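Here the structure comes first, spelled out in structure tokens, and everything after it is commentary.
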């Protein structure tokens with residue numbers, strides 16, 4: 001049940017990131033056209049784009065981890081055999097979780113400060129609040145930690161014989 005909830009949440013974040021990317025493309029085109037045709041760019045475009053890129057990255061991080069899209073050297077791990085692969089998956093999950101725990105730990109206080117102080121990015125006509133980007137970084141990292149820990153647990157159970165080894169192909173990802 002937890003896997004279904006996580007899967008739906010990750011897919012929802014994927015859609016949100018796609019919508020943001022779609023909207024940003026119109027903003028950038030409007031900025032370029034305004035600059036070229038009317039010598040008047042859209043105010044705040046650099047600030048909005050810079051904040052949106054951070055938001056998009058952390059909205060997509062959970063999908064990248066859950067879908068197995070993170071960097072992995074299959075040639076080396078494949079030489080380990082099934083138990084070695086389970087161990088490598090467990091170690092990978094633990095190290096990935098540790099890395100993103102550090103991101104959560106490092107972003108907690110700045111997120112609270114940005115929220116309470118009303119921190120903004122940009123000067124002049126448009127000032128963009130910083131707290132949404134910081135909040136997405138922190139919450140996205142929390143979700144990635146949960147996914148990595150679930151993967152490490154599944155690999156540990158397979159390693160110690162309490163569960164069957166996962167197969168590389170799932171019904172959603174056909175082998176080509």
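Structure notes:
- Residue ID - farthest from the chain's Cα centre (by Cα), chosen from residues in segment 43-55 that are surrounded by fewer than 18 Cβ atoms within 10 Å (Cβ to Cβ) and in a helix (DSSP H, G or I): 46
- Subset of segment 92-101 [under 20 Å from residue 160 (Cα atoms) and free of Cβ contacts under 8 Å to residues at least 40 places away in the same chain]: 95
- In segment 102-141, the residues that are surrounded by fewer than 17 Cβ atoms within 10 Å (Cβ to Cβ), touching a residue at least 24 places away in the same chain (Cβ under 8 Å), in contact with a helix residue (DSSP H, G or I) (Cβ under 8 Å, 6 or more places away or on another chain) and not in a helix (DSSP H, G or I): 126, 127
- Scanning segment 56-78 for residues that are part of a helix (DSSP H, G or I) and farther than 22 Å from residue 143 by Cα yields 74, 75, 76, 77, 78.
- Residues that are closer than 24 Å to residue 97 by Cα and in contact with a helix residue (DSSP H, G or I) (Cβ under 8 Å, 6 or more places away or on another chain) do occur in segment 16-27.
- Given (1) out of contact with any strand residue (DSSP E or B) (no Cβ under 7 Å at 6 or more places or on another chain); (2) assigned to a helix (DSSP H, G or I); (3) more than 24 Å from residue 65 (Cβ to Cβ), index of the condition residue 40 fails: (2)
- Condition met for residue 76 (exposed (fewer than 12 other Cβ atoms within 10 Å of the Cβ), closer than 30 Å to residue 163 by Cβ and under 17 Å from the mean Cα position of the chain (by Cα)): no
- Of all residues in segment 142-158, those satisfying the criterion of being within 18 Å of residue 68 (Cβ to Cβ) and either within 20 Å of the chain's Cα centre (by Cα) or surrounded by 20 or more Cβ atoms within 10 Å (Cβ to Cβ) (or both) are 143, 144, 145, 146, 147, 148, 149, 150, 151, 152, 155, 158.
- Boolean, residue 32 is over 19 Å from the mean Cα position of the chain (by Cα) and modelled with pLDDT of 95 or more: yes
The values are calculated or read from the model by the stated rules, or taken from the named source; none is laboratory data. This structure is a prediction, so every number in the text was calculated from the model and none was measured. No Cβ is skipped: glycine too gets one built from the backbone with ideal geometry, and neighbour counts run over all protein chains shown.
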